[in-house]
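Engineer: Structure in structure tokens, see below.
The values are calculated or read from the model by the stated rules, or taken from the named source; none is laboratory data. Small disclaimer: the values here were computed from a predicted structure and weren't measured. All Cβ positions, even for glycine, are placed from backbone atoms using ideal geometry, and neighbour counts span all protein chains on display. Accessible surface is based on the protein model in full, side chains and every heavy atom, while ligands, DNA and RNA are left aside. Shrake-Rupley method; radii C 1.70, N 1.55, O 1.52, S 1.80 Å.
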Amino acid sequence: MSTFSSMHSPSYSHSFICSSSINEKKNQRFVFSSFPRFSVPANAKVFLQCQAKSHQNAVLMQDGYKLTSRPVDLADQHYGLELPCEPRTYTRSRPRKLKTLLAMLQEVQNQCKDDMWHLGNDQKHSFLSITVVGASGDLAKKKIFPALFALYYEGCLPKHFTVYGYARSKMTDAELRNMVSKTLTCRIDKRENCGEKMEEFLKRCFYHSGQYDSEENFAQLDKKLKEHEGGKVSNRLFYLSIPPNIFIDAVKCASSSASSGNGWTRVIVEKPFGRDSDSSAALTKALKQYLTEDQIFRIDHYLGKELVENLSVLRFSNLIFEPLWSRQYIRNVQLIFSEDFGTEGRGGYFDHYGIIRDIMQNHLLQILALFAMETPVSLDAEDIRNEKVKVLRSMRPLQLEDVVIGQYKSHSKGGVTYPAYTDDKTVPKDSLTPTFAAAALFIDNARWDGVPFLMKAGKALHNKRAEIRVQFRHVPGNLYNRNFGTDLDQATNELVIRVQPDEAIYLKINNKVPGLGMRLDCSNLNLHYAARYSKEIPDAYERLLLDAIEGERRLFIRSDELDAAWSLFTPVLAELEEKKIMPEYYPYGSRGPVGAHYLAARYNVRWGDLGLDQSA
């Protein structure tokens, strides 16, 4: 019997596609556009099941026949719909030509199509309830509610939805709406109906006060949600914008008292995901007592940044980059994060974690994994996350000698005195928590063996910036070396991906300065997003919230990925704390500790952000 397979990946466009199996052997999703000429065994069972929101391209790989899906216009389909049509099984009692069998498949497919059309087109059957747990906090006010409004403003939310704020603070619906309204903004290209859209959105916002560990309070929330849902299929999304020490209580209560009875329930969990391998594993184990892995969406908002999401596009859709993406041509990779402000009253939280846990172990390591991964089988979430996990498991655990830590001290400039980290009233005076860290990491695989990946992250530095810098190797036997003098680094090609602010991608190349002499210059081939694209770049939370609503997990962190990430940093974090390593002090507003430059020099690297790129 012949075997069929297909290429499959998620798509934001809506399409209709079916999956089948013969003799109970599952195959990938496909529909037939032509009929091969061969027979199938007697008593063959044909199983067909429909699924919405699949990629519309399929290929019959083994036998060479091309298969294509039939797109269906599900413009009104509810985001995240996961209800398949009724599976059907047919049994044939005698051998038949495959053409007859395929005709039978087509008949069932058409019935599935009708089922999916009614399921997707009739929105009276579904309702989206979004609950922001910790609605009175800064993250909810500054990021989550504005992101939800932006999605509503752009027409990305379903027709029937409501947003509930849940927190311990006593507040009325009107007070919540007043609080939220102060942080809402409109897209620059649709500003004319901003006020009207705000009013419509705020009318869908409600508030319920309750304790995070009270099943009774969550049951009361459930009752309110059901009143809005009005008997429709209930899909519920909970965003945990709360401290990690109360995650489990909130999840337990929401799961037992406020989860959906006839739709899906998903929970977005904010970092930090523990402090080390043990606490992270304990958190994951506790969450999985009440939720499945598919219900847990661990959010790292940096994965929703436009330039981070563009990494795979840049690499895998441009032939000029993929052949260069290896140790053969790349000398080092730098991941740099800097903020030009200190803890500013958040010192109590920050002192418990420090810059390594807060930035390096999640944001920068996630970007590194995306950058260094092998080509995934498809753009399916699991295929991408599988490749990221392979990268993390190939990395050497971080060693103490490859880490430099620092802490900012008070500094006066221009008549203004900037405080030290320990001047924050919420920080202990003898705190050794690093506000700066630099590290050298290595990936022990065939593609990246020997290439240093340098990370640098810090607070109270001279600027605010997040970028990836790829420094290529020197040109062997370069004919123009004498034109650059002894500093060959000046002639190094460098690809810079600036994640924020003022998003850009530029490539440094060597160029002859116009004139009669032979004078070389380093110039930038520059893609400046603000100049190239008129549309405002969405906030990372908008993209991630939309993905969670749609059930797209590509930009969220899987539990084994989290375990692999913590295994790299836990030993060195424990050593830093056990040995009470003193951080190197650096002035507020400086470029950070000198030790970071010695670390880079040990691997024959110069930090790329030291040169001032005028056009960048």
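Engineer: Could you check how many residues of the stretch 316-329 are within 14 Å of residue 473 (Cβ to Cβ) and either outside any loop (DSSP other than H, G, I, E, B) or within 20 Å of the chain's Cα centre (by Cα) (or both)? So that I can check it myself, show each step before the final result.
Structural biologist: Of all residues in the stretch 316-329, those within 14 Å of residue 473 (Cβ to Cβ) come to 323-329.
From what is left, the residues that are either outside any loop (DSSP other than H, G, I, E, B) or within 20 Å of the chain's Cα centre (by Cα) (or both) are 323-324.
Qualifying residue count for the region: 2.
Engineer: Is one or more of the residues making up the stretch 345-358 under 19 Å from the mean Cα position of the chain (by Cα), in the same structural domain as residue 505 (by the TED database) and surrounded by fewer than 17 Cβ atoms within 10 Å (Cβ to Cβ)?
Structural biologist: No.
Engineer: Which one of these is free of Cβ contacts under 8 Å to residues at least 12 places away in the same chain and within 25 Å of residue 537 (Cα to Cα): 154, 199?
Structural biologist: Unique residue meeting the criteria: 199.
Engineer: Another question, if that's okay. Restricting to helices (runs of 4 or more DSSP H) lying wholly in the stretch 168-269: which have 1 or more residues that are touching a Cys at 6+ places or on another chain (Cβ under 9 Å)?
Structural biologist: Details: elements: 173-181, 194-202, 215-229, 247-257.
The helices (runs of 4 or more DSSP H) meeting that bar are 173-181, 194-202, 215-229.
Engineer: Considering only the stretch 333-356, how many residues are assigned to a loop (DSSP other than H, G, I, E, B) and at positive phi?
Structural biologist: So in the stretch 333-356, the residues assigned to a loop (DSSP other than H, G, I, E, B) come out as 339-346.
Of the ones still in play, those that are also at positive phi are 344-345.
The qualifying residues number 2.
Engineer: Given the stretch 389-428, what strands (runs of 3 or more DSSP E) lie entirely inside it while holding 1 or more residues that are in contact with a helix residue (DSSP H, G or I) (Cβ under 8 Å, 6 or more places away or on another chain) and open to solvent by 80 Å² or more (accessible area, probe 1.4 Å)? Working first, answer last.
Structural biologist: Numbers: elements: 403-409, 411-413, 416-418.
Where strands (runs of 3 or more DSSP E) fall fully within the stretch 389-428 and carry at least 1 residues being in contact with a helix residue (DSSP H, G or I) (Cβ under 8 Å, 6 or more places away or on another chain) and open to solvent by 80 Å² or more (accessible area, probe 1.4 Å), they are 403-409.
Engineer: Please go through the stretch 373-388 and give me each residue that is within 14 Å of the chain's Cα centre (by Cα) and buried (at least 18 other Cβ atoms within 10 Å of the Cβ), ordered by number. Write out each step before concluding.
Structural biologist: Step one: list which residues in the stretch 373-388 are within 14 Å of the chain's Cα centre (by Cα), which gives 379-382, 384-385, 388.
Selection gives 380, 381, 384, 385, 388.
Engineer: Also, I was wondering about something else. Being in contact with a helix residue (DSSP H, G or I) (Cβ under 7 Å, 6 or more places away or on another chain) and part of a loop (DSSP other than H, G, I, E, B) is the filter; apply it to the stretch 270-289 and report the residue that is farthest from residue 129 (Cα to Cα).
Structural biologist: Within the stretch 270-289, the match that is farthest from residue 129 (Cα to Cα) is 276.
Engineer: Would you check if there is a residue in the stretch 547-555 being among the hydrophobic types (A, V, I, L, M, F, W, C) and farther than 26 Å from residue 353 by Cα? Let's see the steps before the verdict.
Structural biologist: If we filter the stretch 547-555 for residues that are among the hydrophobic types (A, V, I, L, M, F, W, C), which is where we start, we get 548-549, 555.
This time we only want the ones that are farther than 26 Å from residue 353 by Cα, so: 548-549.
Yes, some residue in the stretch 547-555 is among the hydrophobic types (A, V, I, L, M, F, W, C) and farther than 26 Å from residue 353 by Cα.
Engineer: Looking only at residues in the stretch 522-569 that are touching a helix residue (DSSP H, G or I) at 6+ places or on another chain (Cβ under 9 Å) and of a type in the set (Lys, Arg), which one is surrounded by the fewest Cβ atoms within 10 Å (Cβ to Cβ)? Walk me through how you get there before you give the answer.
Structural biologist: Looking only at the stretch 522-569, we keep the residues that are touching a helix residue (DSSP H, G or I) at 6+ places or on another chain (Cβ under 9 Å), and these are 522, 529, 534-547, 549, 551-569.
If we keep only those that are of a type in the set (Lys, Arg) too, we end up with 535, 543, 553-554, 558.
Details: 535: 9, 543: 22, 553: 22, 554: 18, 558: 18.
Result: 535.
Engineer: Looking at 552, 578, 542, can you tell me which residue is in contact (Cβ under 8 Å) with a residue 40 or more places away in the chain and within 30 Å of residue 285 (Cβ to Cβ)?
Structural biologist: Details: 578 fails: in contact (Cβ under 8 Å) with a residue 40 or more places away in the chain; 542 fails: within 30 Å of residue 285 (Cβ to Cβ).
Unique residue meeting the criteria: 552.
Engineer: Related question: Could you list, in sequence order, all residues of the stretch 496-530 that are under 28 Å from residue 366 (Cβ atoms) and more than 22 Å from the chain's Cα centre (by Cα)? First the steps, then the outcome.
Structural biologist: Residues of the stretch 496-530 that are under 28 Å from residue 366 (Cβ atoms), as a first pass: 496-508, 524-530.
Passing the criteria: 506, 507, 508, 524, 525, 526, 527, 528, 530.
Engineer: Is it true that residue 363 is part of a helix (DSSP H, G or I), assigned by the TED database to the domain that holds residue 463 and open to solvent by less than 40 Å² (accessible area, probe 1.4 Å)?
Structural biologist: On the way: part of a helix (DSSP H, G or I): yes; assigned by the TED database to the domain that holds residue 463: yes; open to solvent by less than 40 Å² (accessible area, probe 1.4 Å): yes.
Yes, satisfied.
Engineer: Right, something else. Going through the stretch 265-289 one residue at a time, which ones are over 29 Å from residue 577 (Cβ atoms) and crowded, with 19+ Cβ neighbours inside 10 Å? Steps first, please.
Structural biologist: Initially, the stretch 265-289 is screened for residues over 29 Å from residue 577 (Cβ atoms), giving 265-268, 289.
If the condition is that a residue be over 29 Å from residue 577 (Cβ atoms) and crowded, with 19+ Cβ neighbours inside 10 Å, then 265, 266, 267, 268 are the ones that fit.
Engineer: Looking at 488, 479, 507, can you tell me which residue is modelled with pLDDT under 90 and touching a His at 6+ places or on another chain (Cβ under 8 Å)? Working first, answer last.
Structural biologist: On the way: 479 fails: touching a His at 6+ places or on another chain (Cβ under 8 Å); 507 fails: touching a His at 6+ places or on another chain (Cβ under 8 Å).
Being modelled with pLDDT under 90 and touching a His at 6+ places or on another chain (Cβ under 8 Å) holds for just one of 488, 479, 507, which is 488.
Engineer: If you don't mind, another one. Just to be sure I understand, how many residues within the stretch 576-597 are under 32 Å from the mean Cα position of the chain (by Cα) and open to solvent by 60 Å² or more (accessible area, probe 1.4 Å)?
Structural biologist: Matching residues across the stretch 576-597 total 3.
Yes or no, residue by residue, for (1) part of a helix (DSSP H, G or I); (2) open to solvent by less than 30 Å² (accessible area, probe 1.4 Å); (3) among the hydrophobic types (A, V, I, L, M, F, W, C):
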| position | (1), (2), (3) |
| --- | --- |
| 291 | no, yes, yes |
| 294 | yes, no, no |
| 309 | yes, no, no |
| 314 | yes, yes, yes |
| 331 | no, no, no |
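Engineer: Mind checking which residues of the stretch 214-253 are of a type in the set (A, V, I, L, M), modelled with pLDDT of 90 or more and buried (at least 19 other Cβ atoms within 10 Å of the Cβ)?
Structural biologist: 221, 225, 237, 240, 250, 251
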